[in-house]
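Heads up, the thing below is written out as structure tokens.
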Amino acid sequence: MRGPLGAVIGRYTSSDGSAPNDGIIKHNRKCRDITFLIIFIAFWVSMIVNSSFGFNQGNPLRLTYGLDYEGNVCGSKHRHRDLTQLEIRYWLNPNQVYESGLKDGELKLANARTICLLDCPAPTDDALNWVCDYPDGEIRLKMNDWIDRNYDYFEFLTPEMRNSSLQLQGPCYPVIFPSVNVYWSCQYIARASNSSLRHWQQMGGVTIQEDMIIDKSIRRSMNSRASVLKRYVADIGKSWPVLIVCGGLVPLFLSIIWLLLIRHFVAAMPWITVVLFNMLLISVTMFYYLKAGWIGNDAVTPIIGEHDPYFHVYGRELTHVRGVAILMTFISVVAILTSIAIIRRILMATSVLKVAAKVIGEVQALIIFPAIPFAMLAIFYMFWISAALHLFSSGQVVQNNCNNTNCCAYDLVLKKVNCDRCCGYSIRYTPHITIAIFFHLFGCYWATQFFIASSATVIAGSVASYYWAQGEASPEIPFLPVFASMKRLARYNLGSVALGSLIVSFVESVRFILEAIRRRTKVSGTTPDHWFWRMAHYTSRGCLKSVEWTIKSVNRNAYIMIAITGKSFCKSSAIATELIMSNILRIGKVNVIGDVILFLGKLCVSLFSALFGFLMLDSHRYRDSHNKVSSPLLPVLACWALGYIVATLFFAVVEMSIDTIILSFCQDSEENQGNAQHAPPLLLETLDSNQEEEVHQKSRSMGSRRNFCSHPDHPGTNNF
């Protein structure tokens with residue numbers, strides 16, 4: 001049986017039982033759940049080792065740029081060749097590109113000869129342009145001179161080299177088809193230049209069909225799932241200034257402003273929060289409509305730089321943006337209808353927030369405290385994102401095995417046509433890289449939950465001091481209660497916090513894996529057909545989501561009891577659950593309404609961060625220049641997620657204040673035969689008004705029921 005906790009969380013009696021001594025959360029504590037603290041430390045060591053592998057093997061430029069015929073990454077500096085300025089990949093041989101698009105073709109696009117250029121070459125009417133291999137061997141040109149000559153040194157070729165070039169075996173290749181820069185790769189336009197083709201035929205070149213569909217294989221390669229995923233991950237690296245501003249500084253500023261407004265204008269804040277939430281949600285939805293091309297002419301495009309306005313290239317990113325726009329429309333409609341439904345409950349939320357505002361006014365350091373976990377998380381995320389970019393690009397560049405496919409090319413060093421090692425290069429990912437990436441993702445979620453839980457525990461300990469001192473700013477409250485609570489957490493309860501955050505992370509990971517399996521089976525068409533298995537399929541998803549929500553709720557209350565009692569995580573969870581179940585009818589509705597308003601407040605901060613992210617990504621820096629992002633989708637989503645995490649840290653001041661006071665009230669009532677001795681008057685007023693409203697609603701409902709049953713004309717009633 002759980003005994004009274006007054007001896008550990010409030011004024012506790014002396015050893016002889018004669019007189020109460022003064023003390024707030026002062027008792028003999030000891031370290032709890034040490035095993036899980038050791039596991040957490042070991043996990044961090046593993047994270048560092050895992051990240052060091054990515055830093056050693058990865059190159060984030062691989063996520064954006066392609067490889068040339070030597071296996072070099074375009075846009076980067078290599079030992080024997082500096083390609084820093086040459087960012088665009090170009091396929092030299094049009095016949096190889098065409099053959100790779102054929103259904104029965106033996107040559108794959110990955111084995112077609114590619115080179116890194118400064119821009120996409122274009123044919124001219126008065127002469128035949130050439131793009132030649134990097135100058136080597138007998139070609140005595142520097143790279144800068146080669147670039148200045150538009151990659152053309154055909155006039156310096158020997159008769160043997162010229163004959164090889166006319167056979168499309170290099171070292172120079174004709175520019176017959178125009179091309180456009182699509183995500184740093186030159187995509188051919190299936191419209192051959194008549195004058196260039198005529199010049200080519202007059203020189204005795206091999207046959208090049210002018211009406212062939214040459215852009216099929218390149219388009220298919222650019223829209224593959226792997227390519228789209230790489231571009232999305234690369235967008236995060238390119239938009240790091242946006243993440244710092246919109247994912248860190250903007251939500252930090254807005255969260256502090258929100259807490260100050262709660263402190264001084266608490267009566268108006270629920271109304272402001274609901275109205276602002278709906279306005280921001282509609283604004284973000286409109287931005288998605290703009291990027292989807294449904295409003296205006298600012299749709300997401302895969303083409304970089306100037307191009308023919310009548311030429312359009314399809315990209316998967318546009319489809320994804322349009323899907324999100326439809327989803328946001330549905331969410332906006334539901335949000336507006338829900339806001340109308342909870343208008344009557346907003347007054348109750350105002351009463352609950354007044355209690356938290358009173359606490360913030362007394363323990364003013366609570367407003368500033370979340371800046372500490374915010375700084376820690378900011379440092380962690382900078383390290384984590386950098387390591388993630390390197391892990392995603394940590395595959396090995398290897399030469400393909402093309403099984404003697406016709407890929408022969410002239411070698412300037414060997415001075416002959418080489419058919420032995422002419423295959424292209426690709427990046428090969430081993431299974432352990434996939435495991436390392438998932439390990440890295442899990443580590444991010446666990447670390448985030450750990451920091452949030454630690455912050456919540458510190459706040460709970462500070463607010464408990466306020467409650468059990470009867471809400472007085474007296475010497476009984478420890479000097480600087482926030483720092484006293486931090487000291488207790490660091491000394492005794494880090495293991496318990498590590499366990500709680502691990503449970504949430506594990507359940508969320510299981511749900512993510514099952515959802516991924518569900519999507520995979522849905523795509524492959526293996527979803528259960530029988531109604532029973534289909535019902536079990538969707539029921540399991542709902543149950544897992546409910547379990548996740550319940551665990552998060554239990555964890556939050558467990559952190560409160562950890563801060564107050566110093567018990568282990570499991571014991572604190574049991575105490576908190578018993579207290580809540582014993583008083584669920586009295587505190588349930590008050591707590592739920594307060595949580596709804598706080599949740600909407602977090603969404604306001606995160607939506608504003610997303611909106612500001614849209615505005616920053618709409619600048620020239622991220623639209624047409626070197627740092628162009630393929631789609632604003634993932635950077636905006638990252639801004640939203642980071643904004644929500646920052647808001648969670650700061651809004652926990654209000655959230656944990658309410659929950660801590662309510663749990664302390666439950667314990668206080670239990671120890672004093674239903675009459676809380678330390679409860680703030682505002683809390684008693686809120687709970688009493690809530691109870692009176694419920695009684696009034698029940699009596700009104702019973703009265704209407706009696707009138708309904710006693711009506712003489714109602715069928716099915718008994719008239720005596």
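The values are calculated or read from the model by the stated rules, or taken from the named source; none is laboratory data. Not measured: the values here are computed from a predicted model. Backbone-built Cβ (ideal geometry, glycine too); neighbour counts: all protein chains shown. These accessible areas exclude ligands, DNA and RNA; they are computed on the full protein's heavy atoms, side chains included. Shrake-Rupley method; radii C 1.70, N 1.55, O 1.52, S 1.80 Å.
Which order do the peptides 132-145, 454-467, 370-383, 186-199 take when ranked by the mean count of other beta-carbon atoms within 10 Å per residue, highest first?
Values: 132-145: 15.4, 454-467: 27.9, 370-383: 16.9, 186-199: 19.1.
Per-residue mean Cβ counts within 10 Å order the peptides as 454-467, 186-199, 370-383, 132-145.
Largest first, how would TYR153, TYR425 line up by accessible area (1.4 Å probe)?
Largest to smallest exposure gives the sequence TYR425, TYR153.
Quick check on packing: order 565-572, 219-226, 643-650 by the mean number of other C-beta atoms within 10 Å, highest mean leading.
Numbers: 565-572: 21.4, 219-226: 14.4, 643-650: 25.0.
So the order, starting with the most tightly packed, is 643-650, 565-572, 219-226.
Based on C-alpha coordinates, I'd like the Rg and Dmax of the range 169-251, in Å.
When restricted to Cα atoms, the range 169-251 yields Rg and Dmax of 19.9, 66 Å.
Quick one: grab Rg to one decimal and Dmax as a whole number for the range 407-461, Cα atoms only, in Å.
Radius of gyration, then largest Cα-Cα span, for the range 407-461: 25.8, 78 Å.
Starting from the Cα of VAL245, step 7 Å along the direction of its Cβ; do the same at TYR445; then give the gap between the two resulting points in nm.
Taking the simple label geometry, VAL245 and TYR445 are separated by 3.2 nm.
Using a basic spin-label model with each label point 7 Å from the Cα along Cα→Cβ, how many nm lie between LEU260 and ILE372?
Going from the LEU260 label point to the ILE372 one covers 2.2 nm.
FRET efficiency for MET581 and ARG225, Cβ-Cβ distance as r, R0 = 41 Å, nearest 0.05? The partial results should precede the final answer.
Values: r = 48 Å, r/R0 = 1.16.
According to the calculation, E is roughly 0.30.
Amide H of SER179: which non-local residues (sequence gap of 5 or more, or other chain) have their own amide H closer than 5 Å, using H built in the peptide plane?
Under 5 Å from the amide H of SER179: ILE189.
Taking 1 over the mean of 1/r across every pair of different Cα atoms in the range 235-380, what Kirkwood radius in Å do you get? Before the final figure, lay out the partial values.
On the way: mean 1/r = 0.0529 Å⁻¹.
Averaging 1/r across every pair of different Cα atoms and inverting gives 18.9 Å.
Using 7 Å Cα-to-Cβ label points, what is the PHE156/PHE483 separation (nm, one decimal)?
The two pseudo-label positions are separated by 7.1 nm.
Evaluate E = 1/(1 + (r/R0)^6) for GLN364 and LYS77, where r is the Cβ-Cβ distance and R0 equals 45 Å; express this FRET efficiency to the nearest 0.05. Kindly include the intermediate steps, with their values, before the conclusion.
Details: r = 53 Å, r/R0 = 1.19.
Efficiency for this residue pair is about 0.25.
What pairs from LYS103/LYS230; LYS238/LYS487; LYS108/LYS291; LYS487/LYS571 go past 29 Å between their alpha carbons? Before the final figure, lay out each step's value.
Numbers: LYS103/LYS230 26 Å; LYS238/LYS487 40 Å; LYS108/LYS291 34 Å; LYS487/LYS571 21 Å.
Over 29 Å apart, Cα to Cα: LYS238/LYS487; LYS108/LYS291.
Within the range 95-112, whose backbone N sits under 16 Å from a point 7 Å along Cα→Cβ of CYS419?
Counting only backbone N, you get 106-107.
Which value, in nm² and rounded to one decimal, describes the direction-averaged projected area of the C-alpha convex hull of the range 373-412? If you can, show how the numbers build up before the last one.
Values: hull surface 20.3 nm².
Dividing the Cα hull surface by four gives the mean projection, 5.1 nm².
Karplus couplings for the range 600-605 from phi (6.51 cos²θ - 1.76 cosθ + 1.60, θ = phi - 60°), rounded to Hz, Gly and Pro as x?
The phi angles translate into 5, x, 4, 5, 4, 5 Hz.
Any idea of ASP411's accessible area? Nearest 10 Å², probe 1.4 Å.
Counting only protein heavy atoms, ASP411 exposes about 40 Å² to solvent.
Mind listing the phi-derived Karplus ³J(HN,Hα) values for the range 284-294, rounded to whole Hz, using 6.51, -1.76 and 1.60 with θ = phi - 60°, and x for any glycine or proline?
5, 4, 5, 5, 5, 5, 5, 6, 7, x, 7
When all protein chains stay in place, what accessible area (Å², nearest 10, 1.4 Å probe) is found for HIS626?
Rounded to the nearest 10, that gives 90 Å².
With a Förster radius of 51 Å, plug the Cβ-Cβ distance of PHE438 and ILE139 into 1/(1 + (r/R0)^6) and report the FRET value to the nearest 0.05. Could you put the intermediate results ahead of the total?
Details: r = 48 Å, r/R0 = 0.93.
Plugging the Cβ-Cβ distance into 1/(1 + (r/R0)^6) gives 0.60.
Report, to one decimal in Å, the Kirkwood hydrodynamic radius for the range 269-334 based on all distinct Cα pairs.
On the way: mean 1/r = 0.0744 Å⁻¹.
The Cα-based Kirkwood calculation yields 13.4 Å.
Any chance you could look up the accessible area of PHE442 with a 1.4 Å probe, heavy atoms only, rounded to 10 Å²?
Around 50 Å² of this residue is reachable by solvent.
Please give the length that would be gained between SER283 and ASP298 if that part of the chain were fully extended, namely 0.36 nm times their separation in residues minus their C-alpha to C-alpha distance (nm, one decimal). Numbers along the way, then the final one.
On the way: separation 15, 0.36 × 15 = 5.40 nm, distance 1.59 nm.
Stretched fully, the SER283-ASP298 segment lengthens by 3.8 nm.
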